[in-house]
1. Being surrounded by fewer than 17 Cβ atoms within 10 Å (Cβ to Cβ), under 23 Å from residue 56 (Cα atoms) and more than 13 Å from the chain's Cα centre (by Cα) is the filter here, so list the residues in region 118-147 that pass it.
2. Go over the candidates 56, 158 one by one and state the one that is in a loop (DSSP other than H, G, I, E, B), at pLDDT below 95, closer than 28 Å to residue 22 by Cβ and of a type in the set (A, V, I, L, M).
3. Name every residue in region 26-45 that is without any contact (Cβ under 8 Å) to a residue 60 or more places away in the chain and either surrounded by 15 or more Cβ atoms within 10 Å (Cβ to Cβ) or part of a helix (DSSP H, G or I) (or both), in order of residue number.
4. State all residues of region 90-139 that are among the small types (Gly, Ala, Ser), in contact (Cβ under 8 Å) with a residue 60 or more places away in the chain and not in a loop (DSSP other than H, G, I, E, B); if no residue qualifies, say none.
5. Which residues, taken from region 12-25, are in a helix (DSSP H, G or I) and touching a helix residue (DSSP H, G or I) at 6+ places or on another chain (Cβ under 8 Å)?
6. Confirm whether residue 108 is over 18 Å from residue 151 (Cβ atoms) and modelled with pLDDT under 95.
7. Report yes if residue 44 is more than 15 Å from the chain's Cα centre (by Cα) and among the acidic types (Asp, Glu), otherwise no.
8. Residue 18: in contact with a Phe, Trp or Tyr (Cβ under 6 Å, 6 or more places away or on another chain) and touching a residue at least 40 places away in the same chain (Cβ under 8 Å), yes or no?
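The values are calculated or read from the model by the stated rules, or taken from the named source; none is laboratory data. Fair warning: this is a prediction, and the values are worked out from it, not measured in the lab. Positions of Cβ are backbone-derived with ideal geometry, glycine not excepted, and every protein chain shown enters the neighbour counts.
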Amino acid sequence: MTEPPTTEGARGFTLIRVFDAPRELVWEVFTKPEHFTHWFGGSDTAVPMETLAMDVRPGGAWSAVMNTPDGRELPFAGTYREVVEPERLVFTFDNTNDRSDPNVEVATVTFNDLGDKTEVVFNQTGHLPEDVYPRTREGTSTFFDALAERLAELQAQV
């Protein structure tokens, strides 16, 4: 497997995780607000549905507000650049203080079909300070822990 390309001067990280669920279900949980709200931010952070908007199509926008256990609100927003259901999703994390800032973070997510399992390759590149990426990778890993929990809940309902 080859690593996703990075852009000139960009930094980032790659996280690979295998989920015990078919690719179509993983895609759905990644792209539908009623599921996204359960895992984005990890298990100890809330993303209320009323703060969540997802227009999953090329050029469509997304936004969410995470409420942290200590009472802070963390806004996220971006644009979907590429949507190839259920194989690939490319979207940005924009500077929510200045949406015109061209130095966005770009997430490329590949959903590899492994039969009854799915390998997700999450690659984030951009221009954050280099020392921020290890924390961002760790945070994304906790998001994926909550994603695995949500997938298990949905599988148990079947």
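1. Across region 118-147, the qualifying residue is only 119.
2. On the way: 56 fails: at pLDDT below 95.
Going through 56, 158 in turn, just one is in a loop (DSSP other than H, G, I, E, B), at pLDDT below 95, closer than 28 Å to residue 22 by Cβ and of a type in the set (A, V, I, L, M): 158.
3. From region 26-45, those without any contact (Cβ under 8 Å) to a residue 60 or more places away in the chain are 28, 31-34, 36-37, 44-45; that's our starting set.
Those that are without any contact (Cβ under 8 Å) to a residue 60 or more places away in the chain and either surrounded by 15 or more Cβ atoms within 10 Å (Cβ to Cβ) or part of a helix (DSSP H, G or I) (or both): 28, 31, 33, 34, 36, 37, 45.
4. Keep residues of region 90-139 that are among the small types (Gly, Ala, Ser), which gives 100, 107, 115, 126, 139.
Still in the list and also in contact (Cβ under 8 Å) with a residue 60 or more places away in the chain: 115, 126, 139.
126, 139, listed by residue number.
5. Kept after step one, since they are in a helix (DSSP H, G or I), are these residues of region 12-25: 23-25.
Within region 12-25, just 25 meets the criteria.
6. Working: over 18 Å from residue 151 (Cβ atoms): yes; modelled with pLDDT under 95: no.
In short, no.
7. Values: more than 15 Å from the chain's Cα centre (by Cα): yes; among the acidic types (Asp, Glu): yes.
Against the criterion (more than 15 Å from the chain's Cα centre (by Cα) and among the acidic types (Asp, Glu)), residue 44 qualifies.
8. On the way: in contact with a Phe, Trp or Tyr (Cβ under 6 Å, 6 or more places away or on another chain): no; touching a residue at least 40 places away in the same chain (Cβ under 8 Å): yes.
It is false that residue 18 is in contact with a Phe, Trp or Tyr (Cβ under 6 Å, 6 or more places away or on another chain) and touching a residue at least 40 places away in the same chain (Cβ under 8 Å).
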